[in-house]
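What follows is a single structure, written as structure tokens, with notes after it.
The values are calculated or read from the model by the stated rules, or taken from the named source; none is laboratory data. Because the structure is a prediction, the values reported are computed rather than measured. Here the Cβ is made from the backbone with ideal geometry for all residues, glycine too, and neighbour counts use every protein chain on show. Protein only, heavy atoms only, side chains kept; ligands, DNA and RNA dropped before computing areas. Shrake-Rupley method; radii C 1.70, N 1.55, O 1.52, S 1.80 Å.
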Amino acid sequence: MPAASPVTRGVIHSRGYATAPGGGSNTLLYLLGAAAVAGGGYWYYSAGSASNVGKEAGTAAKSVAQAVKAATKFTPTKDDYQKVYNAIADILEDNDYDDGSYGPVLVRLAWHSSGTYDKNDGSGGSNYATMRFPSEATHGANAGLDVARAKIETVKEKFPWISYGDLWTLGGVAAIQEMQGPKIPWRPGRIDGYAKDATPDGRLPDASKVADHLRTIFYRMGFDDHAIVALSGAHALGRCHRNRSGFDGPWTFSPTTFTNDFFTLLMNDKWTWRKWDGPRQLQDKTKTLMMLPSDFALVQDKEFKKWVKVYAADQDKFFADFSLYFSELLELGVPRAQFVSSEPWIMKSTEEQSS
Ligand code: HEM
């Protein structure tokens with residue numbers, strides 16, 4: 001257990017919003033407050049996807065009215081969040097998309113919406129779902145995540161009371177669990193912020209860079225070397241897309257199942273630089289799989305490599321550590337007081353529910 005994780009538990013980075021979304025008198029107060037500024041601002045209940053940016057004040061006021069009505073009537077319970085989880089699980093599989101699942105790109109959405117956190121000033125993180133705003137959605141690192149946001153918007157339509165921050169992070173949780181990964185402790189409480197909360201470009205890692213850069217980026221979030229390696233194991237899932245990052249191909253032969261294959265392949269395969277017209281990346285001997293320069297840095301750096309070896313040899317250990325760090329990642333930037341529960345919840349997988 002990576003008990004010494006540096007992401008300090010219990011630190012509250014309050015940004016001045018005293019509300020628990022989805023219910024209670026705090027929420028109502030917040031809603032009414034927001035109604036007062038609806039003309040000028042963004043509203044956490046309204047459909048705040050990037051395409052809606054700049055909607056008329058009248059629409060915002062209408063959304064506010066609906067939200068006030070909803071909030072006075074409805075306080076979501078854990079069961080309600082489980083229903084959202086199930087609805088996300090329902091939209092994952094699609095044989096016409098990539099390797100047959102939206103799971104990997106939803107994991108990437110959850111990670112990119114959280115990994116903007118800066119522990120030095122408490123800005124960024126999953127709280128305000130600021131990737132809804134063009135100023136953040138257009139960051140190079142977020143290329144392609146419009147696909148994930150549009151897909152999960154179909155769930156938001158069914159459960160309009162959930163905040164985008166909660167929805168996107170729950171999307172990552174559901175995707176990992178449904179793709180046979182570990183349980184990811186999660187709890188709701190994020191609220192949707194405003195365009196002014198959007199983070200500057202450059203907070204997410206650059207795949208063409210190596211160990212020093214990874215440390216700069218992840219230490220800023222409050223993570224350590226151990227966490228960097230564990231979290232990178234998510235690259236067992238999904239693939240790179242030429243029209244998104246410029247890189248190309250999957251990391252493993254089972255990109256829709258969560259495994260420790262990223263580490264076993266990294267340790268045991270022979271990786272050579274691919275000769276092509278794209279950005280520098282490595283390929284395996286079958287020329288099917290790829291590694292990014294930043295992935296390869298994990299076996300070039302002695303400290304990182306220690307953990308790569310551990311995870312290549314022990315999938316259970318990887319699952320346990322990944323679960324802890326991913327759960328922490330998804331809570332970055334959220335004031336403790338906002339969470340509706342003092343402890344994270346374990347959401348049931350669809351498999352468990354059917355057995
Ligand atoms: C360590 C630094 C990291 C770098 C430099 C990096 C870089 C990238 C790049 C370039 C892509 C390809 C995007 C595309 O072309 O579609 C990608 C995809 C992905 N990343 Fe990372 N990543 C990092 C860490 C993480 C972490 C911490 C997670 C989650 C815990 C993660 C999860 C994913 C997933 C699941 C995909 C596949 C998305 C898809 O199939 O559409 N990555 N990453």
Length gained when the stretch R336-D99 is fully extended (0.36 nm per residue, less Cα-Cα span): 81.6 nm
Mean accessible surface per residue for region 211-325, computed with a 1.4 Å probe while every protein chain stays in place, in Å²: 43
Simple label model, 7 Å out from Cα along Cβ direction - D316 to D206, nm: 4.2
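Would you mind getting me the FRET efficiency between N268 and R242? Use the beta-carbon distance for r and R0 = 30 Å, nearest 0.05.
Efficiency, rounded to the nearest 0.05: 0.65.
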Solvent-accessible area, 1.4 Å probe, carbon plus sulfur percent, for region 211-325: 51
Normalised alpha carbon radius of gyration of region 169-232 [divisor 2.2 N^0.38 Å]: 1.37
Zone of R220's modelled label, taken as backbone nitrogen in region 95-116 under 19 Å from a point 7 Å along Cα→Cβ: 109-116
Per-pair calculated FRET efficiency, R0 = 41 Å: D121 and S254 via Cβ, rounded to 0.05: 0.55
Square roots of 5 times each gyration tensor eigenvalue, C-alpha, region 266-329, largest first, Å: 25, 13, 11
Lys pairs, region 179-315 - Cα-Cα below 18 angstrom, 8 or more residues apart or on other chains: 8
Accessible-area value, R190, 1.4 Å probe, nucleic acids and ligands omitted, Å²: 0
Spin-label model distance (nm) - A143 vs R280, 7 Å beyond Cα toward Cβ: 1.8
Under-5 Å amide H pairs with E93, H placed in peptide plane, nonlocal only: Y102
Equivalent ellipsoid dimensions for region 211-325 as semi-axes, Å, which come from the Cα gyration tensor, largest first: 22, 16, 13
